[in-house]
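None of the figures in this text is laboratory data; all of them are computed from the coordinates on show. As the structure is a computational prediction, the values presented were derived from the model and not from experiment. We place every Cβ from the backbone using ideal geometry, glycine too, and count neighbours over all the protein chains shown.
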């Protein structure tokens, strides 16, 4: 898996990582505070694309600096790697998949990394198909179809949950799954070699559109709309950093929420920050990608009712029951083991529009 390198600086260290960079060597580089600011090393889950817009807006508009923080943001190499970077690498905070964090924390030997804010109230896991290949929002349309399903894909990993809650018998439904590489997933769908693919909605659907497939021909089945109770990506923090710098964690979240509100109000402006640090990105594509993320994953009914960033305890338990279908827990983490709301602003400050 490869990704474009990009570098962000605001009076802080410059760092860019490829997927294969060894973190052990990086861990020796000391963080240096400037002008009394608290240094914060932050890792994204993936390359600089639309979903990174609120982080970049908070950086470029000086919101982090106003909170007394000297933030460095680096591109990521996947949601699992985000956890590794915080648990044993040089990073203080990161953006990554909550379900992967739950699995990680089930090990008794795990570092007690915790999520401090839920960002994707609904997960980005999806099946993305083409109407011209017979795919519709009716699950019956999946019968007899061929799917591009990368073995290591996080969305495909949820297929056992999806088919269980929707009573799908893949053999009886005569479904075919091809283990395809990430780089060829969307091209194969664009060329009609498969009928649908597993992936993150904002990635696969927008990449497909960027290849010239008309939007009206793209069908997105968000797993969160079909009975999958899982949450999505969170902001997480290293235990030592939370203990030693609680106000820095709280300040990071306040600044991020400001960036989030700004880029929800103006996704095109948000995409403008993305293209500053990803020279192969196109602003119109990243604006669409960010808008899809807002609509599908962030501004949900639950967020509208309860505010941004928190986790519902009952839903968490239902999510654990679904994760049980795909993972053998060594220890079932309680919500308090993997998440804390103590750093979130008051709810009235988290009511997004």
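General remarks:
- Segment 226-332 pair-distance distribution - Cα-Cα, 5 Å bins, rounded %: 2, 9, 14, 17, 17, 16, 14, 8, 2
- Relative contact order of segment 139-295, defined on C-alpha pairs under 8 angstrom at six or more residues apart (%): 21
- Relative to the longest principal axis of the Cα atoms of the chain, the long axis of helix 313-323 lies at roughly 50 degrees.
- Using alpha-carbon coordinates, inclination of helix 201-210 to the longest axis of the chain, degrees: 70
- Residue of 175, 236, 118 that the Gaussian network model of the chain assigns the largest fluctuation, springs spanning Cα pairs under 10 Å: 175
- Remark: relative contact order (the chain) = 26 percent; criterion is Cα-Cα distance under 8 angstrom and separation of 6 or more residues.
- The order of the peptides 341-349, 237-245, 271-279 by mean Cβ neighbours within 10 Å, most packed first, is 271-279, 237-245, 341-349.
- Prolate/oblate/rounded label for segment 46-97 (Cα gyration tensor, a/c 1.5): oblate
- Overall form of segment 296-346 per C-alpha gyration tensor (a/c, 1.5; a/b vs b/c): oblate
- Degrees separating the helix 283-293 axis from the principal Cα axis of the chain, which is the longest one: 80
- Rg/Rh (Cα only; Kirkwood hydrodynamic radius) as it applies to segment 125-225: 0.92
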